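The values are calculated or read from the model by the stated rules, or taken from the named source; none is laboratory data. Keep in mind it's a predicted model, so treat the numbers as computed, not measured. In this analysis, Cβ positions are derived from the backbone assuming ideal geometry, glycine residues included, and neighbour counts consider all displayed protein chains. Ligands, DNA and RNA are excluded from the accessible area calculation, which covers all protein heavy atoms including side chains. Shrake-Rupley method; radii C 1.70, N 1.55, O 1.52, S 1.80 Å.
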Amino acid sequence: MKKTGLMLGLSFVLAMGLLGGRANAEVNAEKGKALFIENKCMNCHSVDAAGIKASADANKPLELSGTGKDGDAAFVSDFLEKKVKSKNGKLHSKKFKGSPEDLTILAGWLASLTTGEAPS
């Protein structure tokens, strides 16, 4: 009987965690998009999947709707901090200057983008 109660309790906790995670992911997606805009990332990039167009001044803007095809959030975070190179051997042009929490949210959002062509 104790095992049944424990299993039911564990199932409830897992279910609530998964549902809560889904809600947090939506909030982080909104925050990720907001951070992209606040940090003026559209000066060099567009995200068609999110309705973000690169600024008119951008010279050959890179489309990022497929970022998640090339790497996970850890890779994107390291790339934005200029710790790793992209698949074409380039470092990001600018090191991310926001907080570690903002970097985590932004990198997670970018890594979740898997539509469109992967950026080069």
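Quick look at the numbers
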| item | result |
| --- | --- |
| Answer residue from region 46-59, given it is outside any loop (DSSP other than H, G, I, E, B) and without any contact (Cβ under 8 Å) to a residue 60 or more places away in the chain and is surrounded by the most Cβ atoms within 10 Å (Cβ to Cβ) among those | 46 |
| Selection from region 83-100 of residues that are among the hydrophobic types (A, V, I, L, M, F, W, C) and either crowded, with 17+ Cβ neighbours inside 10 Å or touching a strand residue (DSSP E or B) at 6+ places or on another chain (Cβ under 9 Å) (or both) | 96 |
| Matching option when the condition is within 16 Å of residue 31 (Cα to Cα) and open to solvent by less than 50 Å² (accessible area, probe 1.4 Å), among 103, 80 | 103 |
